[in-house]
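Heads up, the thing below is written out as structure tokens.
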Amino acid sequence: MNYESLLELIKKRRSIRRFKPDPIPDEYVDKIIEAARWAPSGANSQPWEFIVVKKEELRKRIIEPIMEYANLVHKAELTREPRLRLEWRGGPGFVRAPVFILLCGDVRTKDAYPLLITLQRGSSHFASSLANAFLYMTLVATTLGLGSQWVSATATPYVQSIIKDLLKIPKELEIYDMLAVGYPDFEPKPRLVRAKEEMIHYDYYDEGKSRTDEKVNDFIAQLRG
């Protein structure tokens, strides 16, 4: 693959929040995971475990605590300045996705890092390793004509405790996040991306490009819009 093809794939990847209920081939799920297991990880620790959930009953039970958490998120958003509030969509948008892939990390693999890194930055290296695998999953899903949604609520303490008990996930594993996968049921709007010139600094940080708090808030408001 050349650079242009890779960049086009990266631009094409989008978060999908409405899915068709149509099943997806098992081979597609296998391809997503096959790529993810080759992701870079700290000290090649490969902390990942993948739990694929296709049973409708289990998916519904996973959605329940996420919905409870979403209601709390909505209430908290109402305390923010209106233009910075995240839009409330009335519930998780992935409910019809036919496959959930939970990416879990084995915390014991942190011992693979050099001792000082384990003591100082072990958790960040662990999270970065899992983020790499997760990103690979989203990109492969895109190549297969699938949509995906990064469901971060699964990593919150309450939701995680419920899901771990439901799926019998051992205590040594932490849920990093969940990827909902399926065929998209809508065409997402064009993505707002900051201008490249605004974010590149050569040799030293260019103070002339420094953003004020007001500019950052204006950008967030644009995202919300």
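Only the coordinates and a few stated rules stand behind these numbers; no lab work does. Because the structure is a prediction, the values reported are computed rather than measured. Counting neighbours? That spans all protein chains shown, and the Cβs are built from the backbone with ideal geometry, glycine included.
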Q) In nm, what is the difference between 0.36 nm times the number of residues separating LYS12 and TYR202 and their Cα-Cα distance? A) 65.5 nm
Q) For THR79 and LEU144 in one chain, what is 0.36 nm times their gap in residues minus the Cα-Cα distance, to one decimal in nm? A) 19.4 nm
Q.
Tell me the label only: which of [x] 29, 21, 16; [y] 45, 24, 16; [z] 28, 25, 21 is semi-axes √(5λ) of the Cα gyration tensor in Å as calculated from this structure?
A. [z]
Q: Quote the FRET efficiency, to the nearest 0.05, computed for ASP26 versus LEU166 with a Förster distance R0 of 30 Å and r equal to the Cβ-Cβ distance.
A: 0.85
(Q) What are the ³J(HN,Hα) couplings of the stretch 191-203, residue after residue, when phi is run through the Karplus curve with 6.51, -1.76, 1.60 and θ = phi - 60°? Round to Hz, x for glycine and proline. (A) 7, 7, 10, 4, 5, 4, 4, 6, 10, 9, 10, 9, 6
Q: Any chance you could run the full-extension gain for PHE219 through LYS60? It's 0.36 nm times the residue separation minus the Cα-Cα distance, nm to one decimal.
A: 53.7 nm
Q | Packing rank of 110-117, 175-182, 13-20, 144-151, where each peptide gets the mean count of other beta carbons within 10 Å, highest leading | A | 175-182, 144-151, 13-20, 110-117
